[in-house]
Amino acid sequence: MPRLKKVRQLPLNRWIDLALFLFLLSFPTWQNTYWVYIMSGIMAYMIFALSLDLLWGYTGLMSMGHSVLFGSGGYMIGIASAWANQADWIKFDQLPWFLALLSSPLGAFLAALLLPGLIALFIGLFMFSGKIRGVFFSLITLALAGIAELFVINQSRYTHGDSGITVTSRTLFSNADSQRLTDQQFYFVVLAFLLGSYLLCLWLVNTRTGKVLQGIRENESRLTYLGYKPAAFKLFIFVLSGMMAGLAGMLFVRVQGSINHSSIGINLATLVLVWVAVGGRGNLTGALIGTLLLQFSETKLNSVFSGISADFAQYWKLVLGLLLLLIVFVIPRGLIGVLLDYQQSRQDRDRKAAIMQKEVNRHGANP
Amino acid sequence: MSPSMLLQLLVSGLASSFVLLLTSLGLVIILGYMKVVNLAHTEMLMSGAFICYYVYQAAGLPFIVALLTAFAVSFLFGALVERLIICHFYGKMSETLLATYAISILLKQGALLLLGKNYKKVDYPVKAVFQWGSVYLESYKLVVAGLSVGVLLLTLLLIYKTKTGRMIRAAMQNRSMTESLGINTKKVDTLTFAYGMGLAGLAGAVIAPLSTVTYTLGESWLTNTFMNVVMGGVSSLFGTLASSVLIQESVSVISGLSNSVTAQIIVLLVVIVVVRLKPDGLFTAKERR
Amino acid sequence: MAPTLNPEAAPVLLETRGLSVNFNGFQALSDISLSIRQGELRVIIGPNGAGKTTFMDLITAKARPSAGQVLFEGQDITGKSAAEIARRYKIGRKFQGPNVFDNMTVAENIELAIAGYESLPQSLFFRASAAFRHRVTEILEQIELADYRDFMATDLSHGQRQWLEIGMVFAQDPKLIILDEPTSGMTADETKKTGEMIKKLKGEHTILVVEHDMDFVRQVADYVTVFNFGKLLVEGTLEAVQQNPEVQAVYLKEAD
């Protein structure tokens, strides 16, 4: 039964993925609206974490400003919605040419994917050619996140500055207030996008392109001497990852009903790194599980401790810092990475035993 | 823009350049000599500024004592962090970034929870303001420029003229060879990291009178110091000097014309283009490969 | 001595003309002119720092020459990019010390090296055919790693990792195979097996090897080139070269 053998050899984490999606599918049936709403937001963050995992976990490009791509997608929907509903802070009679796409619902949807893609394209074109050190990519993206946050605060004409934008429509395309899906309904919209994103990632990392990306992570110069041009692959994955982050941002804004500068700045950029690092990078499952565990715990603990201390959020950050240090020290491959290492070492042991047996047989036949 | 205003912008820009140079030096040294990006750098600045506040402003001790305390405390903290944490992750980029980021969270949240959200103000140790025609310059900024150049020269002296400096350069060139010569590269690493952190603390104390001292002070320096390192490169400290001047003069002049955010965006674009053209920094020491 | 093929008759595959390189005042190579014929197995020997690896760097565009030309099948390839030299001109190189994709399986390492699917669209829509899978298995058997196909490269022994990289170069199906110290760090047994692997390719492939291990050189080489201080000292059959007093002087000095 070769097919059955294939199923048995499936990496452990794919079973976790399956269980996770079944859990998410059933979640609204036994949870109240508040938690359905919370979980919708977490699922949008999961898409965001997946997009970073493609870039960081698989390709080794540690973007420290991935929130810029998330937030720029989110802001497109925010501005489109504010315009469609003529929010009271809107002081212009006509959308400027660079935001013209936002006048139609479908245009806003496209803009939320295209703008992050374009930002990634621009950064990538400069950073992925020549002999620029990998760490400079991290530093430039970090600087970008810092500046993007200042930028949206500064551009209050379009972004409502410090206060951010309230988005009351909760549909996939329409930005009008009157149209609104229930929390439950929108939960399944987000879940569908999460499943789609996950399947896309799963397909991609198993293609030859996915292997080339891992090759870039492992040993970029070796790849060059095999005839590959890594820059094209890096650009491709950065743009794809950026668009996926934009999608996550768009969904998140619709779930949460608002967006402000914290969704585009360094805070979120580093938070997503922590999720992926804790869950384990380079296997997709880690990104999903890390996000779920940490975001769920934060919400849950917040509801418990907020009565005791008003500074819960600050203590939580402290805990995250300690947790991150602990993870880097004890299990640098993250929670799921440990599991996969365990499976790999067991399989290696079996294979080694088989090789030994073969040697014995051969020498037994002709001593 | 009137010529006198432009002159004023250029003068303040130049003064800020030396501030940026001082605040970036520790970062450049740690990155250049140890290949470690120290994300805790700007939080060390913040801690240095707090030390300055407590020693100079609150306790009323001389300013120089505050500077030395900030350097000493940060140096020791750096040595501790290197021995306990960083030394386990050499050569692993993601891990060092995550570990130093974790340290930065601990420093920042620690400051917030222990010292509160209140803004603290540190007085100028020298208060005179110079005036040439319509151009003004606070005398303290001159002091900072002097300190900044002094620290740069002292660092170069340490690296090129002392035995420890030679060991640092040797360890940088060829680690295993240096080790086989019986040099304790571990000690060299600890000293280098501690020195870099010490400079960050010192810089924090120096900038305390120029800014409001609060737990978010580190964050506000993050973008500029990191852009500075990317543009200046790590192969020469003169690259850092040049890039500091270039960044701050541009920020100053463009801010005068438009606003500081636009200035930062333009500077970031310039940094991206420069790093594309000169990936090893503005001043490249040619090396044999 | 009866080489399997008469090197004088075959056309020249690789030729260097006056190749020199200068690193910041240090003359690493000066005026190297040599040619390698199709089907030849050439070994370059020489003491440490003689410029052997630098010579390979110049051919594979890891470094740029300060003067001179590299001609491959009569075309000037000086200044082409490393990827182009690998893909278009089909020169495959094994580096000093195993240089593989550590956290990927042995089979994945070989699969990535198989030539013909290097562009983004090609790789995105690539599906492994039966012939492709067969080729992977064939190479794994060639390098004695068939049983190790699902191991991570990082979990192999040093010698096995060397073989893996040799296998990756085979997988590129190159016109010229460059092997930089293929047996360094190997046990005597492994070194001998490596010699067998390489000898099997003799005639079909053109191979350029840099090696220190003289037993290995004796095992595989017909024709050797000796480098010293960045200069080409002498070329000839192994026997002739070993008789050369200049070469003896270099190696005696090395032995001190």
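Read-outs: derived from the displayed coordinates by stated rules, not from any lab. What you see is a predicted model; the values in this text were computed from it and never measured. Positions of Cβ are generated from backbone atoms using ideal geometry, with glycine treated the same way; all protein chains shown enter the neighbour counts.
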(request) Could you calculate the FRET efficiency of residue A:86 with residue C:201 from 1/(1 + (r/R0)^6), where r is the beta carbon distance between them and R0 is 60 Å, rounded to 0.05? (result) 0.20
(message) Ignoring everything except DSSP H segments at least 4 long, calculate the 222 nm mean residue ellipticity for the protein assembly as shown; use -39,500 (n - 2.57) per segment, divide by total residues, nearest 500.
(response) -20500 deg cm²/dmol
(message) Using the Cα atoms of chain C, I'd like the radius of gyration and the largest Cα-Cα distance, Dmax, both in angstrom.
(response) 18.4, 59
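How large is the direction-averaged shadow of the alpha-carbon convex hull of the range B:135-249, in nm²?
On the way: hull surface 34.4 nm².
Its Cα hull, projected and averaged over all orientations, spans 8.6 nm².
Using a Förster radius of 60 Å, what is the FRET efficiency between residue C:17 and residue A:206 based on their Cβ-Cβ separation? Nearest 0.05, please. Don't skip to the answer; put the middle values down first.
Numbers: r = 47 Å, r/R0 = 0.78.
With R0 = 60 Å, the Cβ-Cβ based efficiency is 0.80.
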(message) Over all directions, the average projected area of the alpha-carbon convex hull for the range B:40-128 comes to how many nm²?
(response) 6.8
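Taking other Cβ within 10 Å of each residue's Cβ, how do C:104, B:177 sort, fewest first? Mind showing how you got there, number by number?
Numbers: C:104 20, B:177 11.
Starting with the residue having the fewest Cβ neighbours, the order is B:177, C:104.
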(message) From the phi angles alone, apply the Karplus equation (6.51, -1.76, 1.60; θ = phi - 60°) to the range A:62-68 and give each ³J(HN,Hα) in whole Hz, x where the residue is Gly or Pro.
(response) 8, 6, 9, x, 5, 4, 4
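For residue B:123 and residue A:129, FRET efficiency with R0 = 56 Å and r from the beta-carbon atoms, rounded to 0.05? Don't skip to the answer; put the middle values down first.
Details: r = 50 Å, r/R0 = 0.89.
Efficiency, from the Cβ-Cβ distance: 0.65.
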(message) Let me check I've understood the local charge: for residue A:277, count other residues with C-beta under 10 angstrom from its C-beta, Lys and Arg +1, Asp and Glu -1. What total comes out?
(response) +1
(request) Return, ordered by residue number, the residues of the range C:134-159 whose backbone nitrogen is under 15 Å from a label point located 7 Å along Cα→Cβ of residue A:359. (result) C:144-148, C:156-159
(request) Using amide H atoms built 1.01 Å from N in the peptide plane, name the residues 5+ places from residue C:227, or on other chains, whose amide H lies under 5 Å from its own. (result) C:45, C:46, C:233
(message) Going by amide H atoms built from the backbone, whose H comes under 5 Å of the H on residue C:28, apart from near neighbours?
(response) C:21, C:22, C:23
(message) From the phi angles alone, apply the Karplus equation (6.51, -1.76, 1.60; θ = phi - 60°) to the range A:101-112 and give each ³J(HN,Hα) in whole Hz, x where the residue is Gly or Pro.
(response) 4, 6, 6, 10, x, 5, x, 5, 4, 5, 4, 5
(request) May I ask you to evaluate 6.51 cos²θ - 1.76 cosθ + 1.60, the Karplus curve with θ = phi - 60°, for each residue of the range A:343-354 and list the ³J(HN,Hα) values in order in whole Hz, giving x for glycine and proline? (result) 4, 4, 5, 5, 5, 4, 4, 4, 5, 4, 4, 5
(request) Based on alpha-carbon positions alone, could you give the equivalent ellipsoid semi-axes of the protein assembly as shown from the gyration tensor, as √(5λ), descending, whole Å? (result) 51, 37, 26
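For chain A, what ratio Rg/Rh do Cα atoms give with a Kirkwood hydrodynamic radius? Present the calculation step by step, with values, prior to reporting the outcome.
On the way: Rg = 22.6 Å, Rh = 22.0 Å.
For chain A, the value is 1.03.
May I ask for the net charge around residue B:138, where only other residues with Cβ less than 14 Å from the Cβ of residue B:138 are counted and Lys, Arg are +1 while Asp, Glu are -1? Could the numbers behind the result be given before it?
Working: positive: B:127, B:141; negative: B:123.
Charge balance near residue B:138 sits at +1.
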(request) Calculate I(q)/I(0) for the range C:19-168 by the Debye formula, one identical point scatterer on each C-alpha and no solvent, and give its log10 at q = 0.08, 0.13 Å⁻¹ to two decimals. (result) -0.29, -0.74
(request) Could you work out how far apart the two model spin labels at residue A:23 and residue C:69 are, taking each label as a point 7 Å from the Cα in the direction of the beta carbon, and quote it in nm? (result) 6.7
(request) Calculate, axis by axis, the spread of Cα positions in the range B:119-177 along the three principal axes, and write the results as whole Å, longest axis first. (result) 57, 33, 15
(message) For a quick check: with amide H placed at 1.01 Å from N, whose amide H comes under 5 Å from residue A:95's, ignoring anything fewer than 5 positions away on the same chain?
(response) none
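Sort A:281, A:208 so the one with the fewest other Cβ atoms within 10 Å of its own Cβ comes first. Don't skip to the end; give the middle numbers.
Working: A:281 29, A:208 21.
Arranged by neighbour count, lowest to highest, A:281, A:208 become A:208, A:281.
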(request) Can you pull the one-decimal nm distance between simple spin-label points at residue C:246 and residue B:72, each 7 Å off the Cα toward Cβ? (result) 6.7
(message) Which residues among the range C:69-112 fall inside the zone where the amide N is under 11 Å from a point 7 Å beyond the Cα of residue C:31, along Cα→Cβ?
(response) none
(request) Please find, in a Gaussian network model of chain B (springs between Cα atoms separated by less than 10 Å), the residue of B:242, B:66, B:205 whose mean-square fluctuation is greatest. (result) B:242
(message) Only Cα pairs within less than 10 Å get springs; with that Gaussian network setup on chain B, which residue of B:196, B:232, B:182 has the largest fluctuation?
(response) B:182
(request) Would you mind checking A:229/C:62; C:94/C:199; B:108/B:141 for any pair whose Cα atoms are more than 18 angstrom apart? (result) B:108/B:141
(request) Take the alpha carbon atoms of the range C:151-227, find their center, do the same for the range A:335-350, and report the distance between the two centers in whole angstrom. (result) 32
(request) Note the full-extension length gain between residue A:345 and residue A:299 as 0.36 nm times their separation in residues minus their Cα-Cα distance, in nm to one decimal. (result) 12.9 nm
(message) Using all alpha carbons of the range B:17-217, what is the percent of pairwise distances in each 5 Å bin, ordered from the shortest bin to the longest?
(response) 1, 8, 15, 19, 18, 14, 11, 7, 4, 2, 1, 0, 0
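Quick one, could you list the DSSP H helices from chain B stretching 20 Å or more along their long axis (Cα atoms) with average Kyte-Doolittle hydropathy of 0.0 or above?
Working: long enough: B:3-34 (45 Å, 1.86); B:63-84 (31 Å, 2.03); B:93-115 (32 Å, 1.35); B:139-161 (32 Å, 1.74); B:185-207 (33 Å, 0.87); B:217-232 (23 Å, 0.51); B:237-257 (30 Å, 1.38); B:260-277 (25 Å, 2.59).
Answer set is B:3-34, B:63-84, B:93-115, B:139-161, B:185-207, B:217-232, B:237-257, B:260-277.
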